[in-house]
Amino acid sequence: MPKLKLSDAKIRSLKPPATGRVDYYDADSGGKLVLRVGTSGTKAWSVVFRVAGGGGISDTGRLLRDKQRRVSLGAYPLVSLGDARRKAAEIVANADQGIDPRVAQRAEVDERLETTVATLADRMLGMENHGSVEKYRKYFQMHINPHIGRKPINDLTVDDVDDLLALFVDAGKEGTAREVRKMLRKLFGWAKKRRILADNFMADYERRDIAYQPRDRVLNTDEMKKVWNAAEAMSYPYGPAIKLLILTGLRKSEITKLTWDELDHENQALHLGSERSKTRVRIFAPLSDMAWEVLKAQEPGKKGPYVFSTTDGQSPTFLDKKAQTNLHKVAGFGEFWFHDLRRTLRTRLAMLGVDRDIAERIINHSQGKDQYDQYGYQEERRAALNLFAEHLKGLVRERA
C-alpha cells in the first residue's frame, strides 16, 4: 500500500501494473484519498473511512468506529486531484461526525433513478385521463425511452435532443420527429412546473427541418363522391367508420373508439366523456339522420363494448396507415388523409351558408369560455349536418 505525495506530474508518471491493480494513498490527505491504477492504465479515485458510531457505543459513551469502508469518487483526470482531495476531506469529516456517506450516495442514486425520462413520463401519463394517453405512452416506449429513457431529465442537453430527433429526420420520419419533440416539450413543462427540472430548454426549442406545415387539403366534389363510394364498398368496420368521419366531422379516435353506451338513442346523438376529447371537454354530438342510419346498421359485438371492432367488440379498430392506403386504392386516388375529411366538412358547411359559430361547434373547436351561455345549439348543429348530408346525397346521385 504505497503512500505518496501525489501531484499531477506524479500521477501521470505512474505505470500500470502487469497484473491486478495498485492503490496509491495520498500522503497529503492522511492516506484517506486513494488512487487506484489498473492494468489498462485507468486511474480512479476513492476514499477510505470509518464511521464514528458505526461500531456502536462503548460503556463510557464513546462512539466506536465500524470497519473501514470505501466510496468511489470518479476517474482521473475527469475528477482532478484538487477536487478529489476536497471530496475526500468532506467525506472523512462527515464520517467523524457519524454520517455515513454511502447513505447520501444511495439517496442521490435513488433520486436520479426517480427523475429519469422514462420514470417521469410514466408518472406524468399516470396522472392524466384522456383519449391520447396510450398514444403518448407508445411514443415514449417506442421512440424516446430506448434512446434517452434511462437518463435523468436534468442531465439532458440540447445536443441530446438534437441527436435523438436526427435519428428520425435522417430516416425520413419528420412526422415522428415532430411528435417526439411534442412529447418532450410536454414532459419538460410538466417537470418544470413541479420543480423537478431546473432548465426547461424545450420551451423554445425549434428545428427548421421538422417545422410543421399546416395542411389545407380539401376534397373537391368529384373526390368526395369517390371517397363516399369507396366507403360504401369497404367492409365493416372500416367502411362505416369512414362514413361517420365524412358525415360528422369528428376526430378519428372519437369515431374508432366509439362504444355502444356513448350512443344517445333518445336524442340521436353521441355523448363522449372528456377523456375521449382532444380538448379535454365533454362532447355532445347531435347526428344527422344519415349518420344515425349508419350507426343503426351496426350490430353490437358479443365480447366487448366497441362499435367498430375486428375482435367482436373487445378492442377498437384503428384507421391506421394500412387503412388509409386501402381507402386510396378503392377510391382510385391518393394524396389525402383521414383528417382532410374533417376539413372538407367544415369547408362545405361554409359553402352551404351555415353560420360560422355553428360550423365551429360541429367540429368541436373551442368557442371560448362563456359561463353565461350554456345553450348547446344541438338542433342548429343537427340541422346543419342534415343539410350537409342532403348535399352529399345530391353529389353522389348527380355524378353516379
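The values are calculated or read from the model by the stated rules, or taken from the named source; none is laboratory data. The structure presented is a predicted model; accordingly, all values stated were derived computationally and were not measured. When we count neighbours, we look across all protein chains shown, and the Cβ atoms used for this are built from the backbone with ideal geometry, even at glycine. Areas reflect the complete protein model, heavy atoms only, side chains present, ligands, DNA and RNA absent. Shrake-Rupley method; radii C 1.70, N 1.55, O 1.52, S 1.80 Å.
Worth pointing out:
- For the chain, the per residue solvent-accessible surface stands at 56 Å², with DNA, RNA and ligands left out and a 1.4 Å probe.
- Protection proxy ranking of 377-383, 67-73, 45-51, 9-15 - average other beta-carbon atoms within 10 Å, highest first: 45-51, 377-383, 67-73, 9-15
- Applying the Karplus relation 6.51 cos²θ - 1.76 cosθ + 1.60 with θ = phi - 60° to segment 356-364 yields 3J(HN,Hα) values of 4, 5, 5, 4, 5, 5, 4, 8, 6 Hz, where x marks Gly and Pro.
- Largest-first principal axis extents, alpha carbons of segment 79-183, Å: 57, 33, 15
- Mean-square fluctuations from a GNM of the chain, with a 10 angstrom spring cutoff on Cα atoms, peak among Gly334, Gly82, Gly273 at Gly82.
- Highest-MSF residue in the chain out of Tyr139, Tyr25, Tyr212 [GNM, Cα springs under 10 Å]: Tyr25
- Highest mobility in the GNM of the chain, judged by mean-square fluctuation with C-alpha springs under 10 Å and restricted to Lys186, Lys252, Lys321, is found for Lys321.
- Reciprocal mean inverse distance between Cα atoms of the chain - Kirkwood radius, Å: 26.9
- Phe318 contributes an accessible area of around 120 Å² to the protein surface, as traced by a 1.4 Å probe with all chains present.
- For the set Lys252/Lys302; Lys257/Lys321; Lys135/Lys193; Lys5/Lys43; Lys193/Lys278; Lys3/Lys32, the pairs lying more than 19 angstrom apart at their alpha carbons are Lys252/Lys302; Lys135/Lys193; Lys193/Lys278.
- Distance (nanometres) between label positions extended 7 Å along Cα→Cβ at Lys135 and Asp320: 1.5
- Subtracting the Cα-Cα distance of Phe201 and Glu379 from 0.36 nm times their residue separation leaves 59.4 nm of extension gain.
- Estimated from the Cβ-Cβ distance and a Förster radius of 35 angstrom, the FRET efficiency linking Arg123 and Glu335 is about 0.30.
- Helix axis angle, 174-193 relative to the chain longest principal axis, alpha carbon, degrees: 60
- Alpha carbon convex hull of segment 216-289, projected area averaged over orientations, nm²: 5.9
- Per residue of the chain, the DSSP helices (runs of n ≥ 4 H) give a summed -39500 (n - 2.57) that works out to -13500 deg cm²/dmol at 222 nm.
- Of all accessible heavy-atom area on the chain, the percent that carbon and sulfur account for (1.4 Å): 49
- Nearest-ten-degree value, helix 158-170 long axis tilted from longest Cα axis of the chain: 50
- Straight-distance candidates among the lysines for linking to Lys393, with alpha-carbon spacing under 17 Å and chain neighbours fewer than 8 residues away dropped: Lys225, Lys226, Lys243.
- Kirkwood's formula applied to the C-alpha pairs of segment 255-362 gives a hydrodynamic radius of 15.8 angstrom.
- Axis of helix 238-248 versus longest Cα principal axis of the chain: the two differ by about 80°, to the nearest ten degrees.
- Residues of type aspartates and glutamates that Lys186 reaches as a straight line, Cα spacing below 13 Å, ignoring anything fewer than 8 places off in the same chain: Asp122, Glu128, Asp204
- Percent of Cα pairs exceeding the 16 Å cut-off, where the set is segment 183-235: 65
- P(r) weight above 18 Å for segment 140-274, C-alpha pairs, percent: 69
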